[in-house]
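Values quoted throughout were computed directly from the atomic coordinates according to the rules given, and no laboratory measurement underlies them. The structure displayed is predicted, hence computed values, not measured ones. Neighbour counts are summed over all protein chains in view; Cβ atoms, including those assigned to glycine, are modelled from backbone coordinates with ideal geometry.
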Amino acid sequence: MWYCGREVSPFWVEVNIAKGDGHFVTRKYGGEELVCQASGPDFQKAMIHTTMVGLEEDEPLTSARS
């Protein structure tokens, strides 16, 4: 599964579910470059770990409430 934000951006997140134990593995990319990799026991925790590194310098910032 891939997640791309609403804004036009080269940044996107790949989400994989491990077949063995069902944990989630995420990889955040800026274009073709791997920016970070994280994991968690469920989707929410995996995404929290993915975003803990913060935004890249050229990554757009949008409000979660918009």
Of the residues in region 14-39, those that are of a type in the set (S, T, N, Q) and over 12 Å from VAL53 (Cβ atoms) come to ASN16, SER39
Within region 4-47, residues acidic (Asp, Glu) and assigned to a loop (DSSP other than H, G, I, E, B) come out as GLU7, ASP21, GLU32, ASP42
Subset of region 19-43 (residues that are closer than 21 Å to GLU59 by Cα and of a type outside the set (Phe, Trp, Tyr)): THR26, ARG27, LYS28, GLY30, GLY31, GLU32, GLU33, LEU34, VAL35, CYS36, GLN37, ALA38
Taking region 18-30 and keeping residues surrounded by 14 or more Cβ atoms within 10 Å (Cβ to Cβ) and of a type outside the set (Lys, Arg) leaves HIS23, PHE24, VAL25, THR26, TYR29, GLY30
